[in-house]
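The structure appears below as structure tokens.
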Amino acid sequence: MTRVGIAISGGPNPAEIVDLVVLAESLGYESAWLAEGHGGDQFAILAACAMRTSRILLGTSISSVFVRTAPTIAMAASSVAELSGGRFILGLGSSHKAQVEPEHGIVYAKPLTRTRETVAVVRELIRTGRVRFEGETLRIENFDLWYAPRQREVPLYLSAVFAKGIALCGEVADGIILTRSTLATAASVRAQLADAARSVGRDPDGIEITTLLQTSVADTRDAAIAALRPGLAFYLGFFPRYNRLMAEHGFAEEAATIAAAWRRGDHAAAERAVGDAMIDATSIAGTPEQCRARIEAYRQSGIDLPIVSPFARGPDAAARFAATIRACAPATR
């Protein structure tokens, strides 16, 4: 069976998400990944998914190291890992200053250090049931679990898009979660991961490369591309990190125009600045056949696990997610 994941970020409500994951499992998807943001508690929803499924892997993409404490993350991960019978993957990341500070009232500082220290605390607590930690961003005098986890080893992936984050993945993570990737991304990331892994005595072959692929399926390619334009405008206007990433992908002029339009509150102008070439380079858009071919192109480029990430908002979001899940279902051999 061809390996494909499905990611759900916003749109469907928690109960609908569970139904979508059940659908994905029935169609042969290897894994289902859940973002959080404003879309409901990801661990609670994944626990419900665990109760309704038996094969599909369940992951967070991602859980922020700022908006939960490290012991809380460890307990949540341990709980879903146990309830799913070991089918859980913990995806962690630093999120964004633009979200963490205004939305959660938490100071955003030293994101890479906090991510590294969170990884250490989470692993130690799940493996041994107790942790004491004195770091730069985390200080835990003592925390112990009042139960014995059945799953002592929970795979831990980290999100990253730039060199320092990729290096951290190579040093400590079981996998990397990329986003807004092009067909040239995997080769360079694999080399960076290998260098970082070898520098600390790790085998780089054990680090899986995944990427979230923003996806739109429609009757025509033009319609599919148009559906992705508002979301890309938002990401490039609101998140400086993604704006920089798109500039490094070769779209510096468009990225600067989008950022300027967003700053002055002209979201329509930001959308107009999102060109078809930018969408095509970093997304999956088209008819079902075209989307499946594009997923395979990412796989051939060196991505171990392509993760289809539909974009849908509004009252029909769940139906649109379901349609994309069906259209991009992995081929069986």
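When the chain is fully extended, how far beyond the present Cα-Cα distance does Ser54 get from Asp144, taking 0.36 nm per residue of separation?
29.4 nm
In degrees, nearest 10, range 0 to 90: what is the angle between the Cα axis of helix 317-327 and the longest Cα principal axis of the chain?
The angle comes out at about 80 degrees.
So if I restrict to the alpha-carbon atoms in the chain, what is the Rg, and what is Dmax, the biggest pairwise distance, in Å?
Final numbers for Rg and Dmax: 19.2, 58 Å.
Just tell me the longest site-free run in the chain, where the sites are GluC sites (Glu not before Pro) in a DSSP loop having at most 15 other beta-carbon atoms within 10 Å.
Counting only loop sites that pass the neighbour cut-off, the longest clear stretch is 154-333.
Nearest-5 percent of antiparallel DSSP beta bridges in segment 55-204?
Details: 4 of 14 bridges.
Just about 30 percent of them are antiparallel.
How do Met51, Met246, Met75 line up, fewest other C-beta atoms within 10 Å first?
In order of increasing Cβ crowding within 10 Å: Met51, Met75, Met246.
Only counting other Cβ atoms within 10 Å, I'd like Val4, Val121 sorted with the fewest neighbours first.
Details: Val4 25, Val121 22.
Fewest-to-most ranking of Val4, Val121: Val121, Val4.
Taking the square root of 5 times each eigenvalue of the Cα gyration tensor, what semi-axes in Å does the equivalent ellipsoid of segment 70-164 have, largest first?
Gyration-tensor ellipsoid for segment 70-164: 24, 16, 12 Å.
What ranking do Val21, Val100, Val189, Val200 get, fewest neighbouring Cβ atoms within 10 angstrom at the top?
Lowest to highest Cβ neighbour count: Val200, Val100, Val189, Val21.
Taking only Cα atoms, what is the 0 to 90° angle, nearest 10, from helix 14-26's long axis to the longest principal axis of the chain?
So the inclination is approximately 80 degrees.
What's the Kirkwood radius of segment 256-307 in Å, using all Cα pairs?
Kirkwood hydrodynamic radius for segment 256-307: 12.8 Å.
Could you give me D for segment 150-287, from Stokes-Einstein at 4 °C and 1.567 mPa s, where the hydrodynamic radius is the Kirkwood radius over C-alpha pairs? Units µm² s⁻¹, please.
Calculated translational D: 80 µm²/s.
Put one equal scatterer on each alpha carbon of segment 1-116, apply the Debye formula with no solvent term, and list log10 I(q)/I(0) at q = 0.10, 0.12 1/Å to two decimals.
Once normalised to I(0) and log-transformed, intensities are -0.30, -0.42.
Which trypsin sites (Lys or Arg not before Pro) in segment 259-304 pass both tests, a DSSP loop state and at most 13 other beta-carbon atoms within 10 Å? Show your work: numbers first, answer last.
Working: sites: Arg263, Arg264, Arg272, Arg292, Arg294, Arg299; in loops: Arg264.
Those satisfying the criteria are Arg264.
Taking Cα atoms, how many degrees apart are the long axis of helix 70-83 and the longest axis of the chain, rounded to 10 and kept between 0 and 90?
The answer is roughly 80 degrees.
Read-outs: derived from the displayed coordinates by stated rules, not from any lab. Bear in mind the structure is a predicted one, so any value in this text is a computation, not a measurement. Glycine also receives a Cβ, built like all others from the backbone with ideal geometry; neighbour counts cover every protein chain displayed.
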